[in-house]
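The values are calculated or read from the model by the stated rules, or taken from the named source; none is laboratory data. This is a predicted model, so every value here is computed, not measured. Backbone-built Cβ (ideal geometry, glycine too); neighbour counts: all protein chains shown. With ligands, DNA and RNA removed, areas are computed over all heavy atoms of the protein, side chains included. Shrake-Rupley method; radii C 1.70, N 1.55, O 1.52, S 1.80 Å.
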Amino acid sequence: MISSDGIPDVVPDGRADAGTPDAGLAGRADAGIPDVVPAGRMAGQAQPVLGLPDGHRLRPWRPEDAEALLAAGRDPGIRRWNLFTVADAAQARARIARMHERWRAETGAVWALARPDGPAAGLAGLNDVDLAGGGAELVYWLLPGARGAGLAVAAARRLARWALDDLRLHRLRLCHSTANPASCRVAERAGFRYEGTQRSALLHADGWHDQHLHARVAGDPE
């Protein structure tokens with residue numbers, strides 16, 4: 001029900017310097033390999049609202065969602081699997097502002113899961129977005145009241161469909177601790193194939209955890 005990684009405070013960037021092209025990107029261009037997704041594809045449009053089958057939807061986070069983000073930071077399950085904490089409402093609002101900054105920077109895309117005009121009940125997003133390389137990591141969590149109704153699977157499916165079909169990424173990965181079988185079930189039901197185990201891949205409060213790696217690539221069945 002919860003992915004193994006959350007949305008970090010720091011805006012991730014695959015480049016060594018935000019103003020200097022990465023050597024790998026330059027090498028790809030020199031070899032005549034085009035970017036999988038052209039720069040500006042995200043920043044040039046508003047973040048969309050994505051409908052889910054049961055009436056919920058994925059929509060951009062709003063400043064008034066700060067209380068939901070604060071509740072997530074206090075939830076033991078979310079804290080455990082997502083390494084996610086929020087100290088107070090001001091920090092929650094700052095994190096929401098960074099979510100929008102990451103969309104404009106084309107390094108991340110984060111949605112709130114909610115009913116129309118309702119409060120946020122969860123999060124689904126793309127972390128480490130690499131438009132040039134065509135990849136990203138899908139992450140999610142749900143507040144306790146939203147669990148057990150299949151919302152994590154629905155959100156993962158819908159977000160994967162948008163990322164692969166609309167944004168035109170080529171590959172999405174979903175990783176979770178091997179001690180979190182609920183996320184393994186979500187990954188499989190959302191069409192993310194199991195690809196292997198990454199040993200000692202993430203440090204949790206109780207030590208290093210092995211992680212399962214799941215992935216979907218363009219053209220995979222849902």
| message | Whole-Hz ³J(HN,Hα) for each residue in the range 43-55, computed from phi via Karplus 6.51 cos²θ - 1.76 cosθ + 1.60 with θ = phi - 60°, x for glycine and proline: what do you get? | response | 5, x, 9, 6, 5, x, 9, 10, x, 10, x, 9, x
| note | Phi angles of the range 160-165, converted by Karplus (6.51 cos²θ - 1.76 cosθ + 1.60, θ = phi - 60°) into ³J(HN,Hα) in whole Hz with x for Gly and Pro, give 4, 4, 5, 5, 8, 8
| field | ARG62, ARG80, reordered so the largest accessible area comes first (probe 1.4 Å) | value | ARG80, ARG62
| query | Out of residues 5 or more away from LEU202 or on other chains, whose amide H comes under 5 Å of its own, with H placed 1.01 Å from N in the peptide plane? | reply | HIS209
| query | What ranking of ARG161, ARG102 comes out by heavy-atom accessible area, probe 1.4 Å, highest first? | reply | ARG161, ARG102
| said: Can you show me the helix-derived [θ] at 222 nm for the chain, built from DSSP H runs with n ≥ 4 at -39,500 (n - 2.57) apiece and divided by the number of residues, rounded to the nearest 500. | reply: -8000 deg cm²/dmol
| query | For the range 115-121, what does the Karplus curve 6.51 cos²θ - 1.76 cosθ + 1.60, with θ = phi - 60°, yield as ³J(HN,Hα) per residue in whole Hz, taken in order and with x for Gly and Pro? | reply | 7, x, 6, x, x, 5, 10
| note | Projecting the Cα atoms of ALA152, LEU83, ALA39 onto the charge dipole of the chain, where Lys and Arg contribute +1 and Asp and Glu -1 at Cβ, the residue farthest towards the positive end is ALA152
| In debye to the nearest 20, how big a dipole does the chain give about its Cα centre with +1 on each Lys and Arg Cβ and -1 on each Asp and Glu Cβ? | 500 debye
| What residues qualify as long-range amide H neighbours of HIS170, i.e. H under 5 Å apart, gap of 5 or more or another chain, H built at 1.01 Å from N? | GLY135
| query | How far is helix 89-105 tilted, in degrees, relative to the longest principal axis of the Cα atoms in the chain, given as a value from 0 to 90 rounded to the nearest 10? | reply | 30 degrees
| task | Beta carbons within 10 angstrom, averaged per residue: use that to sort the peptides 168-176, 44-52, highest first. | result | 168-176, 44-52
| If you line up the Cα atoms of the range 61-212 on their principal axes, what length do they span on each, largest first, in Å? | 39, 38, 29
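Could you look at the chain and say what percent of its accessible area is carbon and sulfur, using a 1.4 Å probe and all protein chains? Before the final figure, lay out the partial values.
Numbers: 5330 of 10330 Å².
Ligands and nucleic acids excluded, carbon and sulfur reach 52 percent.
Which value, in debye to the nearest 20, describes the size of the charge dipole of the range 160-201 about its Cα centre when Lys and Arg Cβ atoms bear +1, Asp and Glu Cβ atoms bear -1, and nothing else is charged?
Approximately 60 debye in magnitude.
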| remark: For the chain, percent of DSSP beta bridges that are antiparallel (nearest 5) comes out at 90 percent
| Per residue, in Å², the accessible surface of the chain once ligands and nucleic acids are set aside, probe 1.4 Å | 47 Å²
